[in-house]
Amino acid sequence: MKRRTTTPRTDWQKKVEELGFGFHTLDTTYWDESVYYEFSLTEIDRIEKATNDLWEMCLEAVQHVIDNKLYRRFHIPDWFIPHLEDSWNNDAPAIYGRFDFSMKDGIPKLLEFNADTPTSLFEASVVQWYWLQDKYPKNDQFNSIHEKLIAYWKYLKEYLQDGILHFSAVEENLEDLTTTEYMRDCAIQAGLDTKFINLMDIGWNSDYKEFRDLDDTAIKNIFKLYPWEWLVNEEFGNHIIPDRNKTFWIEPSWKMILSNKAILPVLWKLNEGHENLLPSFTEFDKMSLGFSYAKKPILSREGANIQLFSNGSLISETKGDYGEEGFIYQELCTLPEFDGNYPLIGSWVVGQEAAGIGIRETNSLITDNLSRFVPHLIS
Amino acid sequence: MRSDTTAGYSRTEGHSHFGGFYVFRPYGIFTPGGYYRAGYYSGGIHESSNIGHSSFKSATVRGGFGSSTFHVSS
């Protein structure tokens, strides 16, 4: 894995905007094509294998959590457990997730799994691919995200309920809207009948006990870019269970288990010593962790409320509003450094397969909401 | 060929270099205050289905989702 500097395309803003990428520059640069990462094929093979192996381990871990009723550890409310278990036992449609890796001595180490509402999908699938075509057309990229999304929507089509597949997000947030509309584009190309609805416009019809869109059409299948832990705690959350259509929510509610960092100790317990896992525990365990570890809230976003300790000293931390539900403790595995830059590898699983990677880079050890998306290629 | 090192994929999936990329592509304006979406290049997205309002709402109430103020990104 090497970090290379390069000259950005002269009209790169125009080029990415033509793709529909409207948030390339936020408060600071988000899309950064002045650098890229170069991987060997061996490294890509390792990332791909780690992604496929971890996906299998994750499915096993979900079954373990359900069999042993470990829901309290995940702060999943009791009243919602039947919905979660139904979604698992009935194999409710699911489509994607993103593993976040630190590359350590050539081995991908799992830091966390974004299984419910992963973003940076469009950047990874489309924007970096066009960059490669313009800049290094003779090189390859670990990226078949677009093809796999379309193929998997085709596969899921017969498992969905009759009618429209709705897509929903908080429309006012351009990044969320872009991710959701990109996903919808893939579904349309797979032949599905779709419609977007702003999350706040979702209606509940108390006479018919069903969710409805703005045309008063029943919502029976819906992709939502909105976390389950928020949905169940909001006013309409209580309607999800009495919903007479038993709407398919995508990602399904069993993903609440995998998107929670409390899954990391479960994965370690079931697969102790696996080369892609870091020792992780629900309680601080000095005997196992020593003095170098990460303390992470079980529910948090954009790297908030994380503390990193090395030899007992706090070396990095982020602020935020998370942590109320508790923390997990994970062996410290710092991101590799390239001249003061720290890349995090996001490895996508689509359907049941590894599909490609996207890289976010920061100037600190914790990847937060100021990270930059940087393209990659295979040497 | 795009590389994922194992799965052979076929260009017969219905697109060629995103040639079928027909829905997504919002257009809008950039201002010092940010980006404002004005619509989509394609008719594949019907604006009224996104932001329109139905006069027939019967017993349907809205606004029960989306109250969390944090950013979704993860």
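Once the chain from A:Leu314 to A:Thr7 is taken as fully extended at 0.36 nm per residue, the excess over their C-alpha distance is 106.8 nm. In the structure displayed, which of A:Lys15/A:Lys49; A:Lys209/A:Lys261; A:Lys148/A:Lys209; A:Lys49/A:Lys246; A:Lys2/A:Lys138; A:Lys49/A:Lys286 lie more than 26 Å apart, Cα to Cα? From the list (A:Lys15/A:Lys49; A:Lys209/A:Lys261; A:Lys148/A:Lys209; A:Lys49/A:Lys246; A:Lys2/A:Lys138; A:Lys49/A:Lys286), the Cα-Cα distance tops 26 Å for A:Lys15/A:Lys49; A:Lys209/A:Lys261; A:Lys148/A:Lys209; A:Lys49/A:Lys246; A:Lys49/A:Lys286.
Rg/Rh for the range A:76-219: what does it come to with C-alpha atoms and Rh from Kirkwood? So for the range A:76-219, dividing Rg by the Kirkwood Rh gives 1.02. Backbone geometry of the range A:269-285 corresponds, through the Karplus equation with coefficients 6.51, -1.76 and 1.60 at θ = phi - 60°, to 3J(HN,Hα) couplings of 4, 7, 9, 4, x, 4, 5, 9, 10, 10, x, 9, 9, 7, 10, 5, 10 Hz, x marking Gly and Pro. The residues packed around A:Trp12, meaning those with a beta-carbon under 12 Å from its beta-carbon, carry a net charge of -2 if Lys and Arg are +1 and Asp and Glu are -1.
The residues A:Thr247, A:Thr367, when put in order of fewest to most other Cβ atoms within 10 Å, stand as A:Thr247, A:Thr367.
Globularity index of the protein assembly as shown is 0.95 (Cα radius of gyration / 2.2 N^0.38 Å, N = number of residues). This ranking places A:Asp162, A:Asp185 by how few other beta-carbon atoms lie within 10 Å of each, fewest first, which gives A:Asp162, A:Asp185. The simple Förster model, with R0 at 51 Å and r as the Cβ-Cβ distance, assigns A:His274 and A:Lys209 a FRET efficiency of 0.65. About the centre of its Cα atoms, the range A:223-379 shows a dipole size close to 240 debye [charges on the beta carbon of Lys, Arg (+1) and Asp, Glu (-1) only; nearest 20 debye].
Computed over the range A:256-379, the percent of Cα pairs more than 16 Å apart is 67. Exposure here means at most 13 other Cβ atoms within 10 Å; with chymotrypsin sites (Phe, Trp or Tyr not before Pro) in a DSSP loop as sites, the longest stretch of chain A lacking them is A:1-283. The mean number of partner chain beta-carbon atoms within 10 angstrom of a residue's beta-carbon across peptide A:142-151 is 5. Restricting the GluC sites (Glu not before Pro) of the range A:279-358 to loop positions (DSSP other than H, G, I, E, B) with no more than 15 neighbouring Cβ atoms within 10 Å leaves A:Glu283, A:Glu324, A:Glu337.
Using a cut-off of 13 Å between beta-carbons, work out the net charge of the residues near A:Ile76 (Lys and Arg +1, Asp and Glu -1, A:Ile76 not included). Before the final figure, lay out each step's value.
On the way: positive: A:Lys69, A:Arg72, A:Arg73, A:Lys255; negative: A:Asp78, A:Glu85, A:Asp116, A:Glu229, A:Glu325.
So the environment of A:Ile76 carries a net charge of -1.
What does the net charge come to around A:Arg3 if you take all other residues with beta carbon closer than 11 Å to its beta carbon, with K and R at +1 and D and E at -1? Surrounding charge for A:Arg3 is -2. Centre-to-centre, using Cα atoms only, the range A:159-188 and the range A:258-321 are separated by 32 Å.
Restricting the trypsin sites (Lys or Arg not before Pro) of the range A:221-271 to loop positions (DSSP other than H, G, I, E, B) with no more than 11 neighbouring Cβ atoms within 10 Å leaves A:Arg244. Between A:Gly346, A:Gly97, A:Gly163, the Gaussian network model of chain A with springs among Cα atoms under 10 angstrom shows the greatest mean-square fluctuation at A:Gly163.
Restricting the trypsin sites (Lys or Arg not before Pro) of the range A:20-75 to loop positions (DSSP other than H, G, I, E, B) with no more than 11 neighbouring Cβ atoms within 10 Å leaves A:Lys69.
Quick one: check the C-alpha center-to-center distance for the range A:1-52 versus the range A:206-228, whole angstrom. The two parts, judged by their Cα centres, are 36 Å apart.
Averaged over the residues of peptide A:193-203, the number of Cβ atoms from other protein chains lying within 10 Å of each residue's Cβ is 6.
Readers should treat all values here as calculations from the given coordinates under stated rules, not as data from a laboratory. Quantities reported herein were computed from a predicted structural model and do not represent experimental measurements. Every residue, glycine as well, gets a Cβ built from its backbone with ideal geometry; the counts of neighbours run over all protein chains shown.
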